[in-house]
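Values in this text are rule-based calculations from the coordinates and carry no lab data. These figures come from a predicted structure and were not determined experimentally. All Cβ positions, glycine included, derive from the backbone under ideal geometry; neighbour counts span all protein chains shown.
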Amino acid sequence: MPDATTTVQELREAMARFVRERDWEQFHSPKNLVMGLSVEAAELTEHFLWVENEASRRVAGNPAKMGEIADEMADVACYLLALSNTLGIDLSEAIRAKLVKNAVKYPVEKCRGKYRVED
């Protein structure tokens, strides 16, 4: 199921099925899911802690490290999908709307090649 052919809806349904089969809905309050998401994001962050920028870019050349990072990214995504399911938020629409807001907040002519917007 590569990104190019997998929809967000398919992933949400797979996550919902996984949760339902284990009767975990009872534990999936928004609070618990956000806390779990935070923990998994921190675990992803650990892979880059105290690593210089260039070294972080070179991680792509290390298959074992990439596997560990992919697992953590998947954990983050699974929690986000579960939270979307629990709250009934259309994740695709939320991302599209946020990109529109960000385009206004960070206009190309002020931001291109810069890490912050200058007044």
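Once each of the GluC sites (Glu not before Pro) sitting in a DSSP loop with at most 11 other beta-carbon atoms within 10 Å is removed, the chain keeps 53-117 as its longest stretch. Computed across the chain, the Kirkwood radius stands at 16.9 Å (inverse of mean 1/r, all Cα pairs).
Is any helix in the chain, taking whole DSSP H runs, at least 27 angstrom long along its axis by alpha carbon and on average at least -1.0 on the Kyte-Doolittle scale, and which ones? Taking the DSSP H segments of the chain (at least 27 Å long, mean hydropathy at least -1.0), we get 63-87.
Once both labels are positioned 7 Å from their Cα atoms along Cα-to-Cβ, the gap between Val34 and Lys65 label points is 3.3 nm.
Just in the range 3-103: which chymotrypsin sites (Phe, Trp or Tyr not before Pro) are loop by DSSP and have at most 12 other Cβ atoms within 10 Å? Within the range 3-103, the qualifying chymotrypsin sites (Phe, Trp or Tyr not before Pro) (loop, at most 12 other Cβ atoms within 10 Å) are Trp24, Trp50.
Equivalent-ellipsoid semi-axes for the range 46-97 (Cα gyration tensor, √(5λ), whole Å, largest first): 29, 13, 9. Of the peptides 58-64, 32-38, the ranking by mean beta-carbon count within 10 Å, highest at the top, reads 32-38, 58-64. Estimated from the Cβ-Cβ distance and a Förster radius of 25 angstrom, the FRET efficiency linking Thr6 and Val108 is about 0.25.
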